[in-house]
1. Check whether at least one residue in segment 418-429 is hydroxyl-bearing (S, T, Y) and open to solvent by 70 Å² or more (accessible area, probe 1.4 Å), and report yes or no.
2. Can you tell me which residue within segment 502-531, out of those that are of a type in the set (D, E, K, R) and not in a helix (DSSP H, G or I), is surrounded by the fewest Cβ atoms within 10 Å (Cβ to Cβ)?
3. Quick check, is V471 of a type in the set (V, I, T) and either out of contact with any Gly (no Cβ under 7 Å at 6 or more places or on another chain) or on the phi > 0 side of the Ramachandran plot (or both)?
4. Considering only segment 251-354, give the helices (runs of 4 or more DSSP H) lying wholly within it that have at least 2 residues that are farther than 30 Å from H378 by Cα, touching a residue at least 24 places away in the same chain (Cβ under 8 Å) and out of contact with any Pro (no Cβ under 7 Å at 6 or more places or on another chain).
5. Does K27 fit the bill of being open to solvent by 30 Å² or more (accessible area, probe 1.4 Å) and among the charged types (D, E, K, R)?
6. Would you pick out the residues in segment 107-134 that are over 27 Å from S246 (Cβ atoms), in contact (Cβ under 8 Å) with a residue 60 or more places away in the chain and part of a loop (DSSP other than H, G, I, E, B)?
7. Can you pull out the residues in segment 355-376 that are in contact with a helix residue (DSSP H, G or I) (Cβ under 7 Å, 6 or more places away or on another chain) and surrounded by fewer than 17 Cβ atoms within 10 Å (Cβ to Cβ)?
8. Name the residue that is farthest from T215 (Cα to Cα), counting only residues in segment 116-170 that are within 27 Å of the chain's Cα centre (by Cα) and modelled with pLDDT under 85.
Amino acid sequence: MTATGSEPTKIGRYEIEGLVGEGAMAKVYRARDPDIARVVAVKVLKVELCIDEDYVSRFLREAKAAGAISHPNIVTVFDVGRFGDAPYITMEFLDEKSLADAIAEHEKLPIKRVIAIGIQMARALDLAHRRGIVHRDVKPGNILLMEKGEVVKITDFGIARLDRSEDLNRTHAGTVLGTPRYMAPEQAAGRAVDGRADLFSLGVILYELLTGKKTFDSNNVATLMLQIMQKDPEPIRDVAPDVPVSLQGVISKLLQKRPEQRFQTGAQLAEALERELAAIAAREEDAKRNRFIPLRVRWAMSAGAGLAMVFLITLGVVYYVERGIIRAQVIDSGAAIAKFIATETAVQVLSQNWVPLELFVKDASERGSFDYLAVTDHDHVVKAATSPDIVGKRFTPPNATLIVKAADFTASEVELPGGKAAFLFDTPILFQKTEIGRIYLGINRVGLDNVLRSTLLLMSNIGILTVLSAVGMLYVFGGLIGRPLKLLTNAMRDFGQGDLDRRIAETRNDEFGQLFSAYNHMADAVQAHIAHDTGARVAPETGAVMDTAVLGHTDANAEATLLTASVRAQPSPEPAS
């Protein structure tokens, strides 16, 4: 069934939506699979090639070969069939630009992206080669860029073949298959090829991506073939010196003319590229850590961080020790007061004379002598307390965290009514060593916390002042060190740029003075050596002697030596009298 013109509207069960590409062997259509509502690409061998059984059989072998591969970096083949006399392949439809499009747009890919592309392709080709399949046409146009170029997929196994004995005799000797610019030497010569030819083609692509130049560049096919077989490409170091030397070695190995001198498998190549990617990542990390920071800043930051760390540790230790000492003093004092009250109230509790006891507690509460006080009898019933609402009730200790448990008292941390944090002391009231009641005394922790807070604040201020002082002193000191270093750096740079008269005039009675003197002696020796090598010559016309001194220097690209001459004229003989 055909559409208006010569294009079909249906191939097999696939509904054709339009022609999307055409190559030397086949046309590619965008189509829809109605059975599963999926958009696919249908590749049909051109009718004029179907009269050649070799082309037809090669096309069918492509379908068989590509359909046997399942890899995330290889376009998936779904189906194969015939449309009239022409065979066709149904494959994954990807409306993505190719690597050839990116190259045509002069898109410069980062080195890490290029390596990542190489790793993915090497892994994909390795799987195909292990299955006995050689692509034979690895080129930028057959590499699709997915996910903004982060992922690539190899497509168009258009001349792939199963590398088996029964297939070898199906490619006539001397027949050249593939795109000339990216062919391996053995392929250009029409010899039998294996997976190492695909790796050579991948090396050509990586060279082009890294340098921006064609590996082999000629518009004449014969010349191009000759270059591929005999000429080495221009060294990467001369075209793209920013490419790491080790990565240059990997590409150079891929582009060896003899297959046995290349990587033997895609897995070997992938491992080498992964090492390069890891090395670049490590260098970038080192560069971040080793960014240039002025000496004064580096010293100041290092000293400040070190002092701050030491101070924080010291502050923690001092705070912990002081907190323990003050806390012990408060507990000793509170226990002593609780025992004293227990002793003084023993007679009233024994005689159950509660009125004086109530007056005592009330007076103490009004004076603020205690934050909390409760006196119980031998049945633990409260008889007098600073909180009237618990009098006459059985005493229930608040939730407490035990701190000290002694034979005659216990001390705990509690939260008093009203939310106040306090120490609660519990001590028995004894009469002739018999317990007749208990005293519960609470002492507010506010004073202790205020003392500790003040101490912490004072020490923090002292520490901050100390750190800032040290940082400031080292910053100034670093500046004093940096100035002579900058002076020496400028002098060496000027000398290296050809100012051989550049000297350091400053004199110092320290190590920098010795360094300046050593530089001046070195400059004198170099200038004298250059003058000696240049030599002195005599002007033949006048007999004048010309002394030469080199004022320039030779760079990596050209020699530019400037000579200055001072002529010492010989005195003219006086006329005879």
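1. Of segment 418-429, the ones hydroxyl-bearing (S, T, Y) are 427.
Of the ones still in play, those that are also open to solvent by 70 Å² or more (accessible area, probe 1.4 Å) are none.
Scanning segment 418-429, I find no residue that is hydroxyl-bearing (S, T, Y) and open to solvent by 70 Å² or more (accessible area, probe 1.4 Å), so the answer is no.
2. Within segment 502-531, the subset of a type in the set (D, E, K, R) is 502-503, 506, 508, 510-511, 524.
Okay, now just the ones that are also not in a helix (DSSP H, G or I), so 502-503, 506, 508, 510.
On the way: R502: 18, R503: 15, E506: 11, R508: 13, D510: 9.
Restricting to residues being of a type in the set (D, E, K, R) and not in a helix (DSSP H, G or I), the top hit is D510.
3. Working: of a type in the set (V, I, T): yes; either out of contact with any Gly (no Cβ under 7 Å at 6 or more places or on another chain) or on the phi > 0 side of the Ramachandran plot (or both): no.
In short, no.
4. Numbers: elements: 266-289, 295-344, 346-350.
Qualifying helices (runs of 4 or more DSSP H): 266-289, 295-344.
5. Values: open to solvent by 30 Å² or more (accessible area, probe 1.4 Å): yes; among the charged types (D, E, K, R): yes.
When the stated conditions are applied, K27 passes them.
6. R131
7. Let us first name the residues in segment 355-376 that are in contact with a helix residue (DSSP H, G or I) (Cβ under 7 Å, 6 or more places away or on another chain), namely 356-357, 370, 373-375.
Within segment 355-376, just P356 meets the criteria.
8. For segment 116-170, the residue satisfying everything is E147.
The values are calculated or read from the model by the stated rules, or taken from the named source; none is laboratory data. As the structure is a prediction and not an experimental result, all values here were calculated from the model. So basically every Cβ, Gly included, is an ideal-geometry build from the backbone, and we count neighbours across all protein chains shown. Protein only, heavy atoms only, side chains kept; ligands, DNA and RNA dropped before computing areas. Shrake-Rupley method; radii C 1.70, N 1.55, O 1.52, S 1.80 Å.
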